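Peer 1: Dumping the structure here so I can ask a few things about it.
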Amino acid sequence: MRYSALSNLGINICRLGVAVTFILSGFVKAVDPIGSQIKIEDYLSAWHVSQYIPDILTLLASVVLSATEFTLGMLLLFAIRRRLVTRLVMTFMSVMTPLTLWIALSNPVSDCGCFGDAIVLGNWETFFKNVVLTAATTVLLPNAMKMPRLVSLGTQWLVINYTMLFILALAGYSLYILPPLDFRPYYVGADIRKGMEIPEGAEQPKFETTFILEKDGERREFTLDNYPDSTWTFIDSRTIEVSKGYVPPIHDFSITRCDNGEDITDEVIDNRGYTMLLIAPYLEKSDDMQFNDINRIYDYAIENKVSFYCLTASGEKMIERWKEMTGAEYPFCHTDATTLRTIIRSSPGLVVIRNGRIIGKWSHNALPDESMTKHPISRSEIGHMPDNPTAGRIAWIVSWFVVPLFLLTLADRLWAWTSWLRRKEESSIIYKLLKKKRKMRKKIVAGNWKMNMNLQDGIALAKELNETLTAEKPNCGVVICTPFIHLASIAQFLNQDIIGLGAENCADKEKGAYTGEVSAEMVKSTGAQYVILGHSERREYYKETPEILKEKVLLALKNGLKVIFCIGESLAEREANKQNEVCKAELEGSVFNLTAEEFKNIVIAYEPIWAIGTGKTATADQAEEIHAFIRSCVAEKYGEAVADETSILYGGSCKASNAPELFAKPDIDGGLIGGASLKAADFKGIIDAWKK
């Protein structure tokens, strides 16, 4: 028991670690989809295929990746679709772990970007993190069903749909407006000058800026040491680190005027007044639909004596084209494209700086409106930094996602707790004294499909039953026992709080070279809860002896299955008045070797063989008589308390027409239904007999 508790603790520690990692990774990617897109583009560039992949596909991949990680993490945390989700997580890790090993060895990018800019890990750190996650998932894979659910089966669809809706909405908001949480060094409130400072004595890194220029159709790369004359046209630039050292958070912020080549970086940072920066990394890829609003804001800046610059990495030709398309009169400056994409995730986007500190950012889809430009900038909302923006945005996210899920989980658990209390009350001694004995036992209607229906028809029937009974809550336990091929498929959607799932048989061997056999462990692994053993057809056609059945019962119980154990006499034995002798011998031969605790997982199904599939039915009095005898045998072996708790089902041509009369008898606790279980309406008619 102690080992089992420690084992379960370890399983759930692994579950929590993997779930939280996936949730965090997916969340930070969804908060900044463009950041993830940039990282994907870095990988594609390293593989020399970036020119073949359009931007829309890399952006879509970024959103899909974030939604997948976040959703898998939430489903794992809530233990929803446990087997499927664990397999999907393992598949994901089977791809990512080798990939990050290659990245660590070849170092095509400086970091993998698995946690965006929130937590920057080195490539080897990322690989070892994935090794740990893969190991944890390996633990979860065979133990998926040991992870306790946080919400009941019927509530899971709410968690699934709300999680997916939230993460996609968050990604959409981040793309259309701006990331609600900014983990980059240019966040609102950041002091650019301070971010550029290097501690005294720190080792200095060395960078080299390469400029790509064009002249007479020829493109060449230059450095500052051999920068050519003005007859060359600027195309692009990139800055790389050539020597390691302390790298300040902001190390690549540089502004050069396009008209005269003047470096105005210090002028912008040191300006004690306001500076507006229109950020457009590549004008050819920037949205030009809001040019009227941009021009209006530029006019406002001129009126308020506010410096206004457009920062871009585009060349002169594109700048001139932009001016022609938008009527722009503001000055243009060159800045590294990566820096611009880091400053703001919008193209174009507006940034307001005062005394070197970023006090506001706006996407081109949400530029300051006219009401914000009526007053001088010192008295306008534009000129003041929002109060504690990060805390407010975290509160916003918590209020829209965490709080609803917490309340849903709390309500679900409270309902489960009250149900548990009701069950405990019903099992108390006082309750037992107040109720009839038959009320103490579980009422069950079990369907035995036998060798009927292909997989598609079986799934259709199970879905119909699932929908009907989930909506109309039966007054008894319901079980459907299906052919082996149906089990795993049906278990994926069956609400087993309403309908239990069972197999029609299992092998008498644990494992090994037994071609065609299906072990109890295999049955359990599909999600089944029950197994039928000892059915008269198995005894007659396949010569199953009491010893074989004894082994099957033991293996089923060992693997956590409840056994519906069938007993009954033939017509000849009934006519010889040997029914009691036969039933008792079958119990003694296969299940009376169990302990009282083990026997609590046995449901007995009395099936008069002469009434199975013949249309004949034992009268209600005949059935009650043999059921009472069977219960007396159990009482003789295990005592009255165990006998009173043992459910005994009737299994001989039970139909909706005779079920009410049969179920009214005190020792008949339900039915094991054959042909009538193959049609939802017929089966439900029998189930509804408990409401009469």
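Peer 1: With a ≥ b ≥ c taken as the square roots of the eigenvalues of the C-alpha gyration tensor of the stretch 545-692, please select rounded if a/c is under 1.5 and otherwise prolate if a/b is larger than b/c or oblate if it is not? All intermediate terms of the calculation are to be shown ahead of the outcome.
Peer 2: Numbers: a/c = 1.57, a/b = 1.36, b/c = 1.15.
Taking the square roots of the gyration eigenvalues as a ≥ b ≥ c, the stretch 545-692 is prolate.
Peer 1: Assuming a ≥ b ≥ c are the square roots of the Cα gyration tensor eigenvalues, decide whether the stretch 75-188 counts as rounded (a/c under 1.5), prolate (otherwise, with a/b larger than b/c) or oblate. Present the calculation step by step, with values, prior to reporting the outcome.
Peer 2: Details: a/c = 2.80, a/b = 1.17, b/c = 2.39.
Oblate, since a/c reaches 1.5 and b/c is not below a/b.
Peer 1: Could you compute the FRET efficiency for GLU125 and THR470, with r as their C-beta to C-beta distance and R0 at 41 Å, rounded to 0.05?
Peer 2: Details: r = 47 Å, r/R0 = 1.14.
E(calc), rounded to 0.05, equals 0.30.
Peer 1: Calculate, for the chain, the solvent-accessible area per residue in square angstrom, rolling a 1.4 angstrom probe over the heavy atoms of the protein chains. The partial results should precede the final answer.
Peer 2: On the way: 34200 Å² over 692 residues.
Here the residues of the chain average 49 Å² of exposed surface.
Peer 1: Run through the stretch 493-527 and list the trypsin sites (Lys or Arg not before Pro) located in a DSSP loop whose Cβ has at most 15 other Cβ atoms within 10 Å. Present the calculation step by step, with values, prior to reporting the outcome.
Peer 2: On the way: sites: LYS509, LYS511, LYS524; in loops: LYS509, LYS511.
Here the sparse-neighbourhood loop sites are LYS509, LYS511.
Peer 1: Among all the lysines, which ones have a C-alpha under 27 Å from LYS305's C-alpha, if same-chain residues fewer than 8 places away are not counted?
Peer 2: Answer for LYS305, where 27 Å is the Cα cut-off: LYS194, LYS323, LYS361, LYS374, listed by chain and number.
Peer 1: Between the helical axis of 403-426 and the dominant principal axis of the chain, each derived from Cα atoms, what acute angle in degrees is found, rounded to the nearest 10?
Peer 2: Helix 403-426 sits at roughly 10 degrees to that axis.
Peer 1: Take every DSSP beta bridge with both residues inside the chain and express the antiparallel ones as a percent of the total, to the nearest 5. It would help to have the intermediate numbers written out before the result.
Peer 2: Details: 30 of 68 bridges.
If I count the DSSP bridges inside the chain, around 45 percent turn out antiparallel.
Peer 1: Next question, about the same structure. Angle between the Cα long axis of helix 291-303 and the longest principal axis of the chain, 0 to 90 degrees, nearest 10?
Peer 2: Between helix and principal axis, roughly 50 degrees.
Peer 1: Another question, then. With a 1.4 Å probe and all protein chains left in place, how much of the accessible area of the chain comes from carbon and sulfur atoms, in whole percent?
Peer 2: Details: 19440 of 34200 Å².
Carbon-and-sulfur percentage of accessible area, whole number: 57.
Peer 1: With no solvent and one equal point scatterer per Cα, compute the Debye intensity ratio I(q)/I(0) for the stretch 224-305 at 0.16, 0.20, 0.23 Å⁻¹ and report its log10, rounded to two decimals.
Peer 2: So the normalised log intensities are -0.99, -1.30, -1.38.
Peer 1: Roughly how many Å is it from the Cα centre of the stretch 146-212 to that of the stretch 384-403, as a whole number?
Peer 2: 14 Å
Peer 1: Hey, got the dipole for the chain? About the Cα centre, +1 on K and R Cβ, -1 on D and E Cβ, debye to the nearest 20? Let's see the in-between values first.
Peer 2: Working: 75 positive and 83 negative charges, 695 e Å.
Charge dipole of the chain: 3340 debye, to the nearest 20.
Peer 1: How much of the DSSP bridge set in the stretch 201-343 is antiparallel, in percent, rounded to the nearest 5?
Peer 2: Roughly 65 percent of the beta bridges in the stretch 201-343 run antiparallel, per DSSP.
Peer 1: Amide H of ILE255: which non-local residues (sequence gap of 5 or more, or other chain) have their own amide H closer than 5 Å, using H built in the peptide plane?
Peer 2: Under 5 Å from the amide H of ILE255 lie the amide H atoms of ILE264, THR265, each far enough along the sequence or on another chain.
Peer 1: Continuing with this model, one more query. Return the whole-Å distance between the Cα centroid of the stretch 622-692 and the Cα centroid of the stretch 557-612.
Peer 2: With the stretch 622-692 and the stretch 557-612 each reduced to a Cα centre, they are spaced 14 Å.
Peer 1: Something else about it: If you line up the long axis of helix 156-176 against the longest principal axis of the chain, both from Cα atoms, how many degrees apart are they, to the nearest 10?
Peer 2: The helix 156-176 is inclined about 10 degrees to the chain.
Peer 1: For the stretch 528-554 and the stretch 253-310, compute the distance between their C-alpha centroids and round to whole Å.
Peer 2: 83 Å
Peer 1: Cross-link candidates for LYS129: which lysines have Cα within less than 28 Å, leaving aside residues fewer than 8 places away along the same chain?
Peer 2: LYS29, LYS39, LYS146, LYS244
Peer 1: How much mean residue ellipticity at 222 nm does the chain get from its helices, if each DSSP H run of length 4 or more adds -39500 (n - 2.57) and you divide by all residues, to the nearest 500 deg cm²/dmol? Intermediate values should be presented prior to the final figure.
Peer 2: Details: 27 runs with 326 residues, N = 692.
Computed mean residue ellipticity for the chain: -14500 deg cm²/dmol.
Peer 1: Which order, highest average first, do 211-219, 489-497 follow once you tally other Cβ atoms within 10 Å for each residue and take the mean per peptide?
Peer 2: Numbers: 211-219: 12.6, 489-497: 16.7.
Going by the mean number of other Cβ atoms within 10 Å, highest first, we get 489-497, 211-219.
Peer 1: Of VAL49, PHE27, GLY560, which is farthest on the positive side of the dipole of the chain, counting Cα position, with +1 on Lys and Arg Cβ, -1 on Asp and Glu Cβ, and the Cα centre as origin?
Peer 2: After comparing all options, I get GLY560.
Peer 1: Further, regarding this structure: Above 32 angstrom, tally the Cα pairs of the chain and express them as a % of all pairs, no decimals. All intermediate terms of the calculation are to be shown ahead of the outcome.
Peer 2: Values: 151690 of 239086 pairs.
Every Cα pair in the chain considered, those over 32 Å come to 63 percent.
Peer 1: Below 10 angstrom from the Cβ of GLY560, what's the summed charge of the other residues (Lys, Arg +1; Asp, Glu -1)?
Peer 2: Values: positive: LYS524, LYS558, LYS562; negative: GLU521.
Charge balance near GLY560 sits at +2.
Peer 1: Going down the table (LYS463/LYS552; LYS442/LYS552; LYS443/LYS473; LYS206/LYS285; LYS473/LYS684; LYS443/LYS637), which pairs top 20 Å between alpha carbons? Numbers along the way, then the final one.
Peer 2: Values: LYS463/LYS552 30 Å; LYS442/LYS552 23 Å; LYS443/LYS473 14 Å; LYS206/LYS285 31 Å; LYS473/LYS684 11 Å; LYS443/LYS637 22 Å.
Table pairs above 20 Å Cα-Cα are LYS463/LYS552; LYS442/LYS552; LYS206/LYS285; LYS443/LYS637.
The values are calculated or read from the model by the stated rules, or taken from the named source; none is laboratory data. Nothing here was measured: the structure is a model prediction, and the numbers come from that model. Note that we place each Cβ from the backbone using ideal geometry, even for glycine, and neighbour counts take in every protein chain shown. When the accessible area is computed, the model is the full protein with side chains, heavy atoms only, and any ligands, DNA or RNA have been set aside. Shrake-Rupley method; radii C 1.70, N 1.55, O 1.52, S 1.80 Å.
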